[in-house]
Amino acid sequence: MPPSLELRTKQSLALTPRLQQSVRLLQLSSLEFQQELRNALDTNPFLEYDETQAEDNALSTDNGNSMADTPAPVDQNAPVDAPMSAESNADTSDSGDSQSHEDSMNEFSSDPFGRTSTRNNGDGEGSDPADWVRIEPSLHETLHDTLRLYPINDRDRAVAQLIIEALDDDGYLRQDLQELSELVDIEPALSEAELNIALKLVQSLDKPGVGARNLSECLSLQLDALDPKTPGRAVAIEIVTHYLERLARREQAELQKKIGCSAEELRIACALVRKLDPKPGANYGAAEDNYVVPDVIVRQVKKNWVVTINPAVLPRARIHRMYAELFAQSAGASRSPLAQQLQEARWLIRNAQQRFTTIQRVAECIVSHQKAFFDYGEIALKPLVLRDVADELELHESTISRATGNKYMSTPRGIFEFKHFFPRELSTESGGTCSAAAVRALLKEMIAKESSSDPLSDVSLAKMLADQGVIVARRTVAKYRHLMKVPPAELRRG
């Protein structure tokens, strides 16, 4: 066929640049969104940092009437200097709202050190997320604090403090005692007996094993701290003192021959050694690499669970009024490349507002469905899927997926990812359903109540769940136990 030209018309869906930006902002985490906002402030001359927005957000959120609680509709004809977050409707509030605002303002108090705290109003847990943050002291801080309680003279205290400062982060003393004595100017010079006494004192300050000079001594200190009647303790001490290398090579027959014990005694002793901590100082002040900034805060107010946007993640930017007015008065403004930047600034403000409005709605829907979890804990978590939330909010399921991905909720029970509230559904013997999270909570309770001398196997746990009407396979129990980081029954035997 000879080449020819044809003209066809068809319809197709396409994402506009503004809609593409809205979708991208919704799926960002709080940290990624803050980075996106900082980049926009650095590159777009029509955006400026709003210093007063942070204080307004904090006060309105504490009052429970923040932008997140009563989101205003997006006005396409809004003034160019409209803030990025909608403000609460203060002008139309009645006297009761004013009194509520005054009461919430009175909740703030400052201590002599300038730290701000909130008083509990008796309606639930503390509303300040910092009340739920647990700061672990470091190893050296813990030992120094404990040492202050001991009534010893200044010379002995100085030697003990010297040894504490010489400890590594894992709790070991890898520096020779004689070398330590040369680092301080004490008259008369420290004797070897004084150093050993100070070392014994440090080793007894806190967790057994801290202050050990090698692995064998570390494990021996932990075994010495156990009850002398502990099964396998004597054989375990013999193993960690003389035969650690053979234990590492799993030379069971050779160990039994060297120690002169039965196979059962050796098994119990080896299980006891496996429970010891080879790095007792590593758990002090442990800092995790994953830092989470919650997107929403859930608190109880008068027996109701209220969801508010975390004021720390609310955007603090607005259109620069002076630049926008000067640009509008300039000739040929509509054809200038700056017109595109002004339009992008407006899009960013409105899309950011829409982002927090969607997150707010999704969080409120989750809390509504999982109210029993906030009242009773993990065991009351119900099965939930994204489709249920999408149908209730009349949004697409993909929108709910973006709104729940990398988003976190701060609650009196801890900080949870939104996805945590969408557990898998399991069938029960009676024909009902329960969540996988509830099954894990049941397993945790069963394992906590088991006898240390006769721990429950995975088969026994599956049978106990079946007695309660929850039918799960043994391999499912093993998978949940592994997710909870619970060792097998053999390693839990005391």
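The values are calculated or read from the model by the stated rules, or taken from the named source; none is laboratory data. Small disclaimer: the values here were computed from a predicted structure and weren't measured. In this analysis, Cβ positions are derived from the backbone assuming ideal geometry, glycine residues included, and neighbour counts consider all displayed protein chains.
Would you tally the residues in the range 158-193 being at pLDDT below 85 and buried (at least 17 other Cβ atoms within 10 Å of the Cβ)?
Count: 4.
Report yes if some residue within the range 375-385 is aromatic (Phe, Trp, Tyr), without any contact (Cβ under 8 Å) to a residue 60 or more places away in the chain and in the same structural domain as residue 358 (by TED's automatic domain parsing); otherwise report no. Spell out the reasoning first.
At the first step, the residues of the range 375-385 found to be aromatic (Phe, Trp, Tyr) are 376.
Those left that are additionally without any contact (Cβ under 8 Å) to a residue 60 or more places away in the chain: 376.
Narrowing the set further to residues that are in the same structural domain as residue 358 (by TED's automatic domain parsing) leaves 376.
Yes: one or more hits.
Here is a check on your reading of the model: is residue 390 of a type in the set (A, V, I, L, M, F, W, C) and not assigned by TED's automatic domain parsing to the domain that holds residue 320?
Values: of a type in the set (A, V, I, L, M, F, W, C): yes; not assigned by TED's automatic domain parsing to the domain that holds residue 320: no.
Answer is no for this residue.
Which members of the range 453-489 meet the condition of being under 29 Å from residue 272 (Cβ atoms), more than 31 Å from the chain's Cα centre (by Cα) and part of a helix (DSSP H, G or I)?
First, the residues of the range 453-489 that are under 29 Å from residue 272 (Cβ atoms): 453-464, 474-475, 477-489.
Remaining after also requiring more than 31 Å from the chain's Cα centre (by Cα): 453-454, 459-460, 463-464.
Residues satisfying the conditions are 459, 460, 463, 464.
Taking the conditions exactly as written (in contact with a strand residue (DSSP E or B) (Cβ under 8 Å, 6 or more places away or on another chain) and buried (at least 18 other Cβ atoms within 10 Å of the Cβ)), does residue 295 satisfy them or not? Show your work before the answer.
Values: in contact with a strand residue (DSSP E or B) (Cβ under 8 Å, 6 or more places away or on another chain): yes; buried (at least 18 other Cβ atoms within 10 Å of the Cβ): yes.
Spelling it out, residue 295 is indeed in contact with a strand residue (DSSP E or B) (Cβ under 8 Å, 6 or more places away or on another chain) and buried (at least 18 other Cβ atoms within 10 Å of the Cβ).
I'd like to check something: does the range 301-312 contain any residue that is in contact with a helix residue (DSSP H, G or I) (Cβ under 7 Å, 6 or more places away or on another chain) and over 30 Å from residue 441 (Cβ atoms)?
Scanning the range 301-312 turns up at least one residue that is in contact with a helix residue (DSSP H, G or I) (Cβ under 7 Å, 6 or more places away or on another chain) and over 30 Å from residue 441 (Cβ atoms).
Here are some conditions: (1) surrounded by fewer than 16 Cβ atoms within 10 Å (Cβ to Cβ); (2) at negative phi. Residue 394 meets all but one. Which one does it not meet?
(2)
Among the residues of the range 1-45 satisfying the criterion of being small (Gly, Ala, Ser) and closer than 16 Å to residue 345 by Cβ, which is surrounded by the fewest Cβ atoms within 10 Å (Cβ to Cβ)? Give the derivation first.
Restricting attention to the range 1-45, the residues satisfying the condition of being small (Gly, Ala, Ser) are 4, 12, 14, 22, 29-30, 40.
Pick out the ones that are also closer than 16 Å to residue 345 by Cβ and you get 22, 40.
On the way: 22: 21, 40: 19.
Filtering the range 1-45 for residues that are small (Gly, Ala, Ser) and closer than 16 Å to residue 345 by Cβ, the one surrounded by the fewest Cβ atoms within 10 Å (Cβ to Cβ) comes out as 40.
Going residue by residue through the range 314-334, is there one that turns out to be assigned by TED's automatic domain parsing to the domain that holds residue 32, of a type in the set (D, E, K, R) and closer than 30 Å to residue 407 by Cα?
Here is the first cut: in the range 314-334, the residues assigned by TED's automatic domain parsing to the domain that holds residue 32 are 314-334.
From what is left, the residues that are of a type in the set (D, E, K, R) are 316, 318, 321, 325.
Still in the running and closer than 30 Å to residue 407 by Cα: 316, 318.
Looking for residues that are assigned by TED's automatic domain parsing to the domain that holds residue 32, of a type in the set (D, E, K, R) and closer than 30 Å to residue 407 by Cα, one finds at least one in the range 314-334, hence yes.
I need every pair where a residue in the range 260-275 that is in contact (Cβ under 8 Å) with a residue 24 or more places away in the chain and acidic (Asp, Glu) has its Cβ under 8 Å from the Cβ of a residue that is in a helix (DSSP H, G or I) and surrounded by 17 or more Cβ atoms within 10 Å (Cβ to Cβ), sequence separation at least 6 or different chains.
265/235
Can you tell me which residues in the range 197-217 are part of a helix (DSSP H, G or I) and closer than 20 Å to residue 147 by Cα?
Let us first name the residues in the range 197-217 that are part of a helix (DSSP H, G or I), namely 197-203, 215-217.
Listed by number, the residues that qualify are 197, 198, 199, 200, 201, 202, 203.
For the structure I just gave you, tell me whether residue 165 is closer than 17 Å to residue 201 by Cβ and either under 41 Å from the mean Cα position of the chain (by Cα) or not in a loop (DSSP other than H, G, I, E, B) (or both).
Values: closer than 17 Å to residue 201 by Cβ: yes; either under 41 Å from the mean Cα position of the chain (by Cα) or not in a loop (DSSP other than H, G, I, E, B) (or both): yes.
Taking the combined requirement at face value, the residue satisfies it.
In the range 359-391, which residue that is touching a Ser or Thr at 6+ places or on another chain (Cβ under 7 Å) and at pLDDT below 90 is surrounded by the most Cβ atoms within 10 Å (Cβ to Cβ)?
Looking at the filtered set, the residue picked out is 381.
When you look at residue 402, is it surrounded by 19 or more Cβ atoms within 10 Å (Cβ to Cβ) and among the basic types (Lys, Arg), yes or no?
Working: surrounded by 19 or more Cβ atoms within 10 Å (Cβ to Cβ): yes; among the basic types (Lys, Arg): yes.
Criteria met by residue 402.
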